[in-house]
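Read the figures in this text as sums done on the coordinates, not as results from a lab. None of these values were measured; they are calculated from a predicted model. Cβ sites come from the backbone with ideal geometry, for glycine too, and all protein chains shown count toward neighbours.
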Amino acid sequence: MNCWKSINIEKDYGSNRLYLMAFLIGIGSFIVLFVPVSMIHGTESVVDKGIVPFILALISLPTLHSLTHMIPVLMVGKPIKIKFKTSIKCLPTFHCYSGSYLSKTLALSSMVLPTIFITIPGLIVSLLMPHIFVYVLAFTAIHIGISLRDFLYIIHILKAPKMAVVENGTADLDILIERTKS
C-alpha cells in the first residue's frame with residue numbers, strides 16, 4: 001500500500017482556527033435554524049423548563065458523538081482501539097480509531113453517522129416540541145459546530161480514488177492506495 005494522502009486537520013488548519021470556525025458555524029446554524037422554527041411555532045417567549053436536561057445533554061454530547069462514529073465499524077466487525085483522555089478538568093473524553101484499514105464507504109459512513117443520528121433527529125424534535133425547541137436547536141447547533149472536523153475529513157475522503165482505503169491513526173487519517181505493478 002502507498003500513502004496517497006495523510007490528513008491531519010489540527011496541523012493543516014491549526015487548533016485555534018478550528019475552534020473559531022466551529023464556534024462561528026455553531027452560532028450561525030443556531031441563528032439560521034431558530035428564525036424559521038420560531039416562526040413555525042409562533043412563540044414569543046421561551047419557557048425555562050429544559051435547562052437541566054440541556055446541560056446534561058451538552059455534557060454527554062462529545063461522548064455520544066464519538067460513540068456514533070464507532071457504530072458502522074463495529075457492525076462490520078473491525079477492531080477498534082479507544083484512547084481515553086481528560087481534556088477538560090473533569091470531563092473525560094475518548095478518541096476511537098480502527099486498528100485496521102477501512103474501505104472508503106465505511107470511513108464515509110462512520111464520519112456521516114453522527115449527523116444522521118444526532119443532528120437530523122434534533123431538527124425533527126425541535127419541530128415537534130414547541131415548549132423546548134430552543135434547547136433542542138441550541139444542542140443541534142452545537143453538534144453542527146462539533147461536526148466541522150468530520151465534514152473536513154469527508155471532503156478529503158471524497159476526493160480519494162475509488163479503491164482507496166482509509167487508516168485512522170491517533171492523530172491523523174491516512175488514505176492508502178494499492179501499489180501499482182510496473
Cα convex hull of region 1-101 - mean projected area over all directions, nm²
10.4
Karplus-derived 3J(HN,Hα) from phi for region 57-74 (6.51 cos²θ - 1.76 cosθ + 1.60, θ = phi - 60°), whole Hz, x at Gly and Pro, runs 5, 5, 5, 8, 4, x, 5, 4, 4, 5, 5, 5, 5, 7, 4, x, 5, 5
Using a simple charge model, +1 on the beta-carbon of Lys and Arg, -1 on the beta-carbon of Asp and Glu, nothing else, what dipole does region 52-170 show about its Cα centre, in debye to the nearest 20?
340
Quick one, what does Rg over Rh come out to for region 124-166 if you take C-alpha atoms and the Kirkwood Rh?
1.28
Please report how far the C-alpha centroid of region 105-182 lies from that of region 1-49, rounded to the nearest whole angstrom.
13
Put +1 on the Cβ of every Lys and Arg and -1 on every Asp and Glu Cβ in the chain; which of Ile59, Ile118, Leu152 then has its Cα farthest towards the positive end of the dipole?
Leu152
Residue order, fewest to most beta carbons within 10 Å, for Arg17, Arg149:
Arg17, Arg149
Cα long-axis angle, helix 104-114 against the chain (0 to 90 degrees, to the nearest 10):
20
The chain: angle of helix 148-158 to the longest principal axis, Cα-based, in degrees nearest 10:
40
Can you tell me the 0 to 90 degree angle between the C-alpha axis of helix 133-146 and the longest principal axis of the chain, rounded to 10?
20
Using square roots of five times the C-alpha gyration tensor eigenvalues, list the equivalent-ellipsoid semi-axes of region 16-59 in whole Å, biggest first.
24, 18, 6
Order of Ile120, Ile177 - criterion: other Cβ atoms within 10 Å of each residue's Cβ, fewest first:
Ile120, Ile177
The answer for Ser103, listing residues at least 5 apart or on another chain whose modeled amide H is closer than 5 Å to its amide H, is Val166
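Let me check against my output: what whole-number percent is the relative contact order of the chain, with C-alpha pairs under 8 Å and at least 6 apart?
37
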As an exercise, use a Förster radius of 41 Å and the Cβ-Cβ distance of Ile27 and Ile82 to find the FRET efficiency, rounded to the nearest 0.05.
0.85
For Ser98, what residues show an amide H to amide H distance below 5 Å, using hydrogens built from the backbone and excluding near sequence neighbours?
Lys81, Asn168
